[in-house]
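K.L.:
Mind having a look at this structure? Questions to follow.
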Amino acid sequence: MRKDTLLDYVRTGQPMTGGQQLQLAVMLSVPAIMAQLSSIVMEYIDASMVGSLGAEASASIGLVASTTWLFWGLCSGLSSGFCVQIAHRIGARDQKGARDVVRQGYTAVFLFGLTLGLIGAAISPFLPTWLGGDESIRADATRYFMILTLGMPLEVFFYLSAGMLRSSGNMLVPASLGVMACVLDVAINFLLIFPTRSLTLLGYTFVMPGMGLGVTGAAVGSLLAFTISAAAMTWFLVVRSKELRLLGEHGSFIPQRATLQRAARIGIPMMFQHTAMCLAQIVTTIIVAPLGTFAIAAHSFGITAESIAYMPGYGISDAAQTLMGQSLGAGRRDLMNRFAMVTVGLGIAVMTLMGVLMYVAAPLMMGLLTPVEAVRNLGIDCLRIEAWAEPMFAAAIVTYGVFVGTGDTFKPSLMNLISMWAVRLTLAAILASTYGLKGVWIAMAIELTFRGFIFLLRLAYKIHQGWKGVGK
């Protein structure tokens with residue numbers, strides 16, 4: 001395949017033209033974008049299904065969404081500590097070392113996910129009250145959060161295996177299985193969320209069986225879909241992956257100190273960042289909650305709707321992380337500058353286009369998510385405010401991936417959380433009292449623009465420095 005040939009150029013020290021670098025970046029980005037978009041499509045469909053049950057059902061999920069992201073962010077941070085090491089080992093053509101990291105990563109992340117799952121289950125009865133949710137939505141919010149967190153030890157294999165495959169340069173399998181997870185989620189949720197009812201299709205009326213579990217069904221459906229897909233993803237890595245397959249090779253699954261130390265150096269700053277960022281999202285939820293059920297629902301739907309604009313940036317960020325990691329592992333600092341500029345430029349271009357589309361299509365996007373007119377109109381205004389921030393949001397997202405690929409996570413993580421806490425939350429608290437939910441989203445747009453600007457400044461500084469200090 002052309003992609004594998006170009007990756008071999010990176011690993012073996014062969015010269016690459018600018019066109020080849022752009023081509024490789026696009027080849028890795030497109031499947032990664034597909035994977036990100038498939039997850040967003042799943043969220044859209046989930047939100048649309050739950051939204052049809054009414055504003056309270058939507059608000060119950062929106063209330064605990066930030067805390068759910070907090071738990072997943074912690075697992076994601078630790079996972080990245082192992083995935084970056086794999087990219088470095090593969091770039092250095094140390095396949096056996098990469099497989100050793102795979103084994104140790106599975107053990108460490110599973111145990112960590114199990115611990116977080118038990119903590120999540122323990123706090124779930126109290127969480128909706130802590131977040132200021134109305135009594136009418138607390139029971140559904142508790143069940144939703146408990147089910148998803150209890151499933152973390154299994155679901156984490158989906159994200160960890162996907163990250164490891166992407167670090168090896170395989171973007172297609174994670175993307176394909178992400179689409180499979182989306183299809184499974186839709187099919188299972190369709191059966192679990194709604195009760196048995198009559199449907200009419202092409203003039204033919206039939207009885208559609210259902211369990212009528214509502215919000216609980218949405219959580220169970222997501223858990224089952226990701227568990228099945230996680231099993232398939234892990235099987236492919238263990239049995240079929242050219243670089244990482246473990247079948248037929250003996251090795252220890254006990255994490256070694258050196259591997260854990262490197263994972264901690266890379267992952268702990270990301271974990272703290274995820275914690276601080278998600279706590280900031282929780283604080284945002286607390287700021288929004290007094291604005292009423294419609295505001296909570298519109299905020300939750302707005303975040304889901306906006307995801308379709310910024311998830312391509314995360315796909316390109318995944319590609320940037322792989323390219324930077326393998327280039328550094330191969331000792332190819334000559335490629336690092338060019339891959340950084342190519343991927344960041346690509347991200348800004350794509351997300352600028354997505355911002356324009358989001359502004360124009362905001363009524364359609366919100367209309368798909370909720371039939372409640374007051375929620376829909378408020379969400380449209382929020383999306384159109386946020387559309388202006390998408391280009392600089394792209395700069396922050398992709399540049400962060402560039403830094404992660406080199407193992408440079410402490411200062412970028414610090415920049416993210418300072419921007420969120422010092423700029424966004426301060427402005428949101430001030431503007432919410434005057435402009436309501438729209439004030440919160442104005443604060444978000446200003447902060448994302450500021451964050452992109454400071455990340456571009458740091459990228460220029462690192463390029464000027466010649467990436468001094470990375471890879472140690």
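The values are calculated or read from the model by the stated rules, or taken from the named source; none is laboratory data. Everything numeric here is computed off the predicted structure, so don't read it as measured data. Glycine also receives a Cβ, built like all others from the backbone with ideal geometry; neighbour counts cover every protein chain displayed.
K.L.:
Restricted to segment 177-219, and to residues that are out of contact with any Gly (no Cβ under 9 Å at 6 or more places or on another chain) and in contact (Cβ under 8 Å) with a residue 60 or more places away in the chain, which residue is farthest from LEU78 (Cα to Cα)?
P.N.:
The residue in question is GLY214.
K.L.:
State yes or no: is GLY315 without any contact (Cβ under 8 Å) to a residue 40 or more places away in the chain and not polar (S, T, N, Q)?
P.N.:
The answer is no for GLY315.
K.L.:
What are the pairs with Cβ atoms under 9 angstrom where one residue, in segment 141-153, is under 19 Å from GLY73 (Cβ atoms) and the other, located anywhere, is among the acidic types (Asp, Glu)? Sequence gap at least six, or different chains.
P.N.:
Going by the 9 Å Cβ cut-off, the qualifying pairs are LEU148/GLU155.
K.L.:
Same structure again: If you take the residues of segment 158-174 that are surrounded by fewer than 24 Cβ atoms within 10 Å (Cβ to Cβ) and of a type in the set (A, V, I, L, M, F, W, C), which of them is modelled with the highest pLDDT?
P.N.:
Residue satisfying both the conditions and the ranking: VAL173.
K.L.:
Look through ILE397, ILE296, ILE286, ILE316 and report the one residue that is part of a helix (DSSP H, G or I), surrounded by fewer than 23 Cβ atoms within 10 Å (Cβ to Cβ) and either on the phi > 0 side of the Ramachandran plot or among the β-branched types (Val, Ile, Thr) (or both).
P.N.:
ILE286
K.L.:
Which pairs have Cβ atoms under 9 Å, sit 6 or more apart or on different chains, and link a residue in segment 344-356 that is closer than 16 Å to TRP388 by Cβ to one that is of a type in the set (S, T, N, Q) and outside any helix (DSSP H, G or I)?
P.N.:
From segment 344-356, no pairs qualify.
K.L.:
Among the residues of segment 64-79, are any within 19 Å of the chain's Cα centre (by Cα) and at pLDDT 90 or above?
P.N.:
Checking segment 64-79: at least one residue is within 19 Å of the chain's Cα centre (by Cα) and at pLDDT 90 or above.
K.L.:
A follow-up question, please. If I filter segment 215-229 for residues that are touching a strand residue (DSSP E or B) at 6+ places or on another chain (Cβ under 8 Å), under 28 Å from GLY178 (Cα atoms), assigned to a loop (DSSP other than H, G, I, E, B) and at pLDDT below 90, do I get at least one hit?
P.N.:
No; the residues of segment 215-229 include none that is touching a strand residue (DSSP E or B) at 6+ places or on another chain (Cβ under 8 Å), under 28 Å from GLY178 (Cα atoms), assigned to a loop (DSSP other than H, G, I, E, B) and at pLDDT below 90.
K.L.:
Give me the pairs, please: first residue somewhere in segment 224-237 and within 24 Å of TYR144 (Cβ to Cβ), second residue anywhere and β-branched (Val, Ile, Thr) and buried (at least 18 other Cβ atoms within 10 Å of the Cβ), beta-carbon distance under 7 Å, and either six or more positions apart or on two chains.
P.N.:
Matching pairs, first to second residue: LEU224/ILE188; ALA225/ILE188.
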